[in-house]
Amino acid sequence: MVLMSVKFDLKKRVKLAQTVWFMYWFAVMAGVLVFSMGLFFKIELRKRSELMDNKESHFLPNLLILMGLIACAINAFGGKICYDSLDPNKFVKWKSMLKSFLVSCMVFNGLLFMTALLCFLMRIPLQFTLAEGLKNGMKYYKDTDTPGRCYMKRTLDLMQMEFRCCGNDNYRDWFEIQWVSNRYLDFGAKEVKDRLGSNVDGQYLMDGVPFSCCNPSSPRPCIQNQMTNNTAHYSYDHYTEELNVWKHGCRDAMLSYYGGLMNTIGALVLLVTILEVAVTIGLQYVNSSLSTLANPEDPESESEGWILEKTVKETFTDIMATMKSMGKGTKVEEGGEAAVATVS
Amino acid sequence: MVVMKMKFPFQKRVKLAQGLWLLSWCATVAGAITFTLGCILKTELRRRAEVMDNSDIHVVPNTLMIVGLASLGINYFSSKICQDALDAGRFPRWKKMLKPYFAVSCFFTVLMLLAVIMSFAMKGSLESSLKVGLRNGIRFYKDTDTPGRCFQKQNIDRLQMDFQCCGNNDFRDWFEVQWISNRYLDFSSKEVKDRIKSNVDGRYLLDGVPFSCCNPSSPRPCIQFHLTNNSAHYNYDYQTEELNIYLRGCREALVHYYMGLMNAIGAGVLSVFLLQASVLVSLRFLQTSMEAVAGNENTEIETEGYLLEKPLKETIMEYVEPVMKFFLLTNQVEEGTPGAPAST
């Protein structure tokens, strides 16, 4: 009992081969798309790797790049086979390897599906990496003279401006760390000495934020310093002021950005997987229809195409039997030797 | 006296027609690209339309869009004509259309060249438009409560952050303007009263700049206020400080950006112009060489092709005369007829 058999005459066979060839070209472009998405994701991760403590895992973008390249190769090869299937002479040379090619296509489709699932699942480790990275990033904001950290200030400022966020959870995170370098503090001034004395670690803490937290949509010039002191500024109430600095924290902003990016990539990879499964089924039909010609000499005879020669259950038991026999092969040899040994 | 006579044997004619067909399709694509480039330029100019005083510069993208669309039509017809050219039965139906077709095509090709020249030549107009626009933008920065101007602050802030510039010519433009609204000034404080009295117009002027002038690459937190006062900040010398705020003026930054864009587009459109001109010249040669074949039994004879039947001046007069006659002749006839009966 074949699975989903369809009758084919010459015209239908030619149409099938042409359609599948066309679809293979789409699939090649889809492979290029997967490759470029992997590349884009890799670049986005590297741009902000400083903020992720350089510990972010590049496994997913590398996997996407690899799958994209393999997809291009497999689909180009499949397209060539389809093109040759229109000419019976050329098709003969492909016949022998077609079964193994189809099996490898199935394996590849399974891997592609796993990649799509990974895209949705990798948000969780990313969340932890981001939380750690941003906290440290803010600590190193002032270290513009320390090699390896001198660009942290610029990276953080540009990120806060681009993502319209301030601090880790909110702007108050800046109140808890010293973000002004000691190089620019006048230790002779009373104000500085007071602030340093006011906490255990001797850090210059202030209720101010860097300029990159400022919101351009605010109707008044940005208030960065003495933010919690209503009397320091005319007509200012820090409880009701909403537009002065960005309200969102950068961890949420970055997470939603990267999460959205990964969701989009995952959805696109799923679509590519569906396309790949469709072309694999198409190639199987081309293969089966060309190998069951009623009259092998006459190319215009009728034929039958199917997805599987036997039902799913039977195919599965067949595969298990093949694997068992491969395993038994070694056992039989041992048993034979033992039998020979005992006889003699 | 024909211009540029060339001999065309049958094979050469066939090759010319085939080459021209391919060239026409390339030129059609190039026309679409020209239209797209015009749209891109127009979009970019409109994005910053608030800091431009007049829209004179928009003539460049408008011309490019018109020329792009016209080029699509011209080249589509050119491909149709050369497809029919080798078929003696179908070519005569184009005969009547060819003269106005060439006139229109030459007009639009010349217009394309004009657009390229304009994109290089309109730098002065753009610069003066930006000068006035930016001056107004900086003047109205504080008017966030005046309808029609409430987004000036946001626009100028985003402009300065995106283009990494400060002020019109440089950051000192902010010292000459009151950019803090009166709503946020405490008129009872001594400092405010002193500043307002210090100038004729009673404006609150200060040696400070908005936060959007701050440079994230600076190693120290941004110094926005008391910029010219070295003693107001620890370890600060405003004459040697280069990284604190952006030193470039926004007019220079914008002119640089738009001229770069227009130069790149101009170079592209110049190559499209050369392609279009070659299409028209080849079509003219094909037309004149096929005309000699018309009416002849043997279509494979060798014929002569030329560019212009008469010298250039006479050809131009031939086209311009009908237009001139239409505008001038109506007057001449009226003068002539009353005069004639008078003389008799």
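When the residues of region A:148-160 are filtered to those that are surrounded by fewer than 21 Cβ atoms within 10 Å (Cβ to Cβ) and among the hydrophobic types (A, V, I, L, M, F, W, C), which remaining residue is farthest from the other protein chains (Cβ to nearest Cβ)?
Filtering first and then ranking leaves A:Cys150.
Can you confirm whether B:Lys142 is open to solvent by less than 30 Å² (accessible area, probe 1.4 Å), basic (Lys, Arg) and in contact with a Phe, Trp or Tyr (Cβ under 6 Å, 6 or more places away or on another chain)?
Spelling it out, it is not the case that B:Lys142 is open to solvent by less than 30 Å² (accessible area, probe 1.4 Å), basic (Lys, Arg) and in contact with a Phe, Trp or Tyr (Cβ under 6 Å, 6 or more places away or on another chain).
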Check your understanding: Can you spot a residue in region B:88-96 that is in a helix (DSSP H, G or I) and surrounded by 16 or more Cβ atoms within 10 Å (Cβ to Cβ)?
Key -> yes
Exercise for review: Scan region A:240-252 and give yes if some residue there is open to solvent by less than 20 Å² (accessible area, probe 1.4 Å), touching a Phe, Trp or Tyr at 6+ places or on another chain (Cβ under 7 Å) and over 20 Å from B:Cys222 (Cα atoms), otherwise no.
Suggested key: yes
Exercise for review: Assess whether A:Val180 counts as being in contact with a Gly (Cβ under 9 Å, 6 or more places away or on another chain), on the phi < 0 side of the Ramachandran plot and facing chain B (nearest Cβ under 9 Å).
Suggested key: yes
Check your understanding: Can you tell me which of A:Val279, A:Val269 is modelled with pLDDT of 95 or more, of a type in the set (Val, Ile, Thr) and buried (at least 16 other Cβ atoms within 10 Å of the Cβ)?
Key -> A:Val269
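Matching residues to (1) under 30 Å from A:Tyr204 (Cα atoms); (2) modelled with pLDDT of 90 or more:
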position	(1), (2)
A:Ala76	no, yes
A:Leu86	no, no
A:Phe101	no, yes
A:Ser104	no, yes
A:Ala116	no, yes
A:Leu126	no, no
A:Ala131	yes, no
Exercise for review: Quick one: B:Met122 ticks every box in (1) open to solvent by less than 40 Å² (accessible area, probe 1.4 Å); (2) away from chain A (no Cβ under 14 Å); (3) over 30 Å from B:Val320 (Cβ atoms) except a single one, so which number is it?
Suggested key: (3)
Exercise for review: Please determine, by comparing only the residues of region A:198-216 that are exposed (fewer than 13 other Cβ atoms within 10 Å of the Cβ) and of a type in the set (Gly, Ala, Ser), which one is nearest to A:Gly137 (Cα to Cα).
Suggested key: A:Gly202
Point to revise | Residue that is nearest to A:Pro147 (Cα to Cα), among those in region B:234-244 that are in contact with a helix residue (DSSP H, G or I) (Cβ under 8 Å, 6 or more places away or on another chain) and not aromatic (Phe, Trp, Tyr) | key: B:Asn235
Point to revise | Selection within region A:165-188 - within 16 Å of A:Gln224 (Cβ to Cβ) and part of a loop (DSSP other than H, G, I, E, B) | key: A:Cys165, A:Cys166, A:Gly167, A:Asn170, A:Ile177, A:Gln178, A:Trp179, A:Val180
Exercise for review: Tell me which of these B:Ser212 doesn't satisfy, since it passes every other one: (1) in contact with a Lys or Arg (Cβ under 6 Å, 6 or more places away or on another chain); (2) open to solvent by less than 40 Å² (accessible area, probe 1.4 Å); (3) within 11 Å of another protein chain (Cβ to nearest Cβ).
Suggested key: (1)
Revision key, fill the gap. Within region A:201-253, residues being among the acidic types (Asp, Glu) and in contact (Cβ under 8 Å) with a residue 60 or more places away in the chain number 1
Check your understanding: Just a yes or no: is a residue in region B:174-182 among the small types (Gly, Ala, Ser), within 27 Å of B:Arg149 (Cβ to Cβ), assigned to a helix (DSSP H, G or I) and modelled with pLDDT of 90 or more?
Key -> no
Check your understanding: If you go through region A:32-77 one residue at a time, how many are farther than 30 Å from A:Leu102 by Cβ, part of a helix (DSSP H, G or I) and open to solvent by 30 Å² or more (accessible area, probe 1.4 Å)?
Key -> 5
Study note, to complete from the structure: Scanning region A:78-100 residue by residue, those open to solvent by 60 Å² or more (accessible area, probe 1.4 Å) and of a type in the set (S, T, N, Q) turn out to be A:Asn89, A:Ser96, A:Ser100
Point to revise | Given (1) surrounded by fewer than 19 Cβ atoms within 10 Å (Cβ to Cβ); (2) within 13 Å of chain A (Cβ to nearest Cβ), index of the condition B:Asp157 fails | key: (1)
Check your understanding: List, please: which pairs have Cβ atoms under 7 Å, are six or more places apart or on different chains, and start with a residue in region A:144-161 that is closer than 16 Å to B:Asp162 by Cβ and end with one that is in a helix (DSSP H, G or I)?
Key -> A:Asp157/A:Ser212; A:Met159/A:Cys250; A:Gln160/A:Ser212; A:Gln160/A:Cys213; A:Gln160/A:Cys250; A:Met161/A:Ser212; A:Met161/B:Met161
**Study point:** Selected residue (only one of A:Ser85, A:Ser36, A:Ser49, A:Ser96 is within 18 Å of A:Cys119 (Cβ to Cβ) and hydroxyl-bearing (Ser, Thr, Tyr))
**Key:** A:Ser36
**Study point:** Residue check, B:Ile74 within 14 Å of chain A (Cβ to nearest Cβ) and either β-branched (Val, Ile, Thr) or within 25 Å of B:Val320 (Cβ to Cβ) (or both)
**Key:** no
Practice item. Only one of these is more than 10 Å from chain A (Cβ to nearest Cβ) and open to solvent by 60 Å² or more (accessible area, probe 1.4 Å): B:Asn169, B:Asn199, B:Asn136, B:Asn230. Name it. Key: B:Asn169
Check your understanding: Cβ-Cβ below 8 Å, separation at least six or inter-chain, first residue in region B:202-213 and small (Gly, Ala, Ser), second surrounded by fewer than 17 Cβ atoms within 10 Å (Cβ to Cβ) and assigned to a loop (DSSP other than H, G, I, E, B): which pairs?
Key -> B:Gly208/B:Phe225; B:Gly208/B:His226
**Study point:** Any chance B:Gly133 is in the same structural domain as B:Leu22 (by the TED database) and in a helix (DSSP H, G or I)
**Key:** yes
Revision key, fill the gap. Inside region A:217-239, the number of residues satisfying the requirement of being within 12 Å of chain B (Cβ to nearest Cβ), open to solvent by 40 Å² or more (accessible area, probe 1.4 Å) and under 21 Å from A:Asp186 (Cβ atoms) is 2
Practice item. State which residue is surrounded by the most Cβ atoms within 10 Å (Cβ to Cβ) when the search covers only region A:117-147 and only residues that are among the charged types (D, E, K, R) and farther than 22 Å from A:Cys213 by Cα. Key: A:Arg123
**Study point:** Count of residues meeting criterion [more than 24 Å from B:Gly148 (Cβ to Cβ), outside any helix (DSSP H, G or I) and either open to solvent by less than 40 Å² (accessible area, probe 1.4 Å) or touching a helix residue (DSSP H, G or I) at 6+ places or on another chain (Cβ under 6 Å) (or both)] in region B:41-87
**Key:** 1
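The values are calculated or read from the model by the stated rules, or taken from the named source; none is laboratory data. Because the structure is a prediction, the values reported are computed rather than measured. Every residue, glycine among them, receives a Cβ derived from its backbone with ideal geometry; neighbour counts consider all protein chains shown. What goes into the accessible areas is simple: the full protein's heavy atoms, side chains included, and nothing from ligands, DNA or RNA. Shrake-Rupley method; radii C 1.70, N 1.55, O 1.52, S 1.80 Å.
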